[in-house]
Amino acid sequence: MNKFVLRQAQDLQAKLLKAQQELAEMTTEVSSGGGAIKIVIDGQQRVRSVSISPEVINGEDIEMLQDLVMTAVNEAIQKSQDLAANHLSGLTGGLKIPGMF
């Protein structure tokens, strides 16, 4: 293999590793139910925190609480994936690399 190509691949690998480390430190927050449920997630799709307002905790309407949490988590995951895609797009030139969000 050409040494130049090998060096480029190594440089790209180092940049991707650095970008992944940066993504682990980036967070985004979403909420549902008018702020009753808040989710903080990082750029690697790891949920950092879940906050549930006491007003929505009602044993008689558990389905509503479950729906609010599910909505917030799904939105947080999507937002985190968008954050990662935007952060990595400069390195990958828009290519979709398997395992890189």
Starting from 0.36 nm per residue, how many nanometres of slack lie between E29 and E63 once their C-alpha separation is accounted for? 10.0 nm
Please state, rounded to one decimal and in Å, the Kirkwood hydrodynamic radius that segment 23-74 gives when every pair of distinct Cα atoms enters the mean of 1/r. 11.4 Å
Nothing charged except the Cβ atoms of Lys and Arg (+1) and of Asp and Glu (-1): what's the magnitude of the dipole of the chain about its Cα centre? Round to the nearest 20 debye. 960 debye
Counting only backbone N atoms under 13 Å from a point 7 Å out along Cα-to-Cβ of V50, the residues of segment 20-38 in range are 37-38
Distances over 16 Å make up what percent of all Cα-Cα pairs in the chain? 63 percent
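Values quoted throughout were computed directly from the atomic coordinates according to the rules given, and no laboratory measurement underlies them. Predicted, not measured: the structure shown is a model, and the values here were computed from it. FYI the Cβ positions are ideal-geometry reconstructions off the backbone, even for glycines, and counts take in every protein chain you see.
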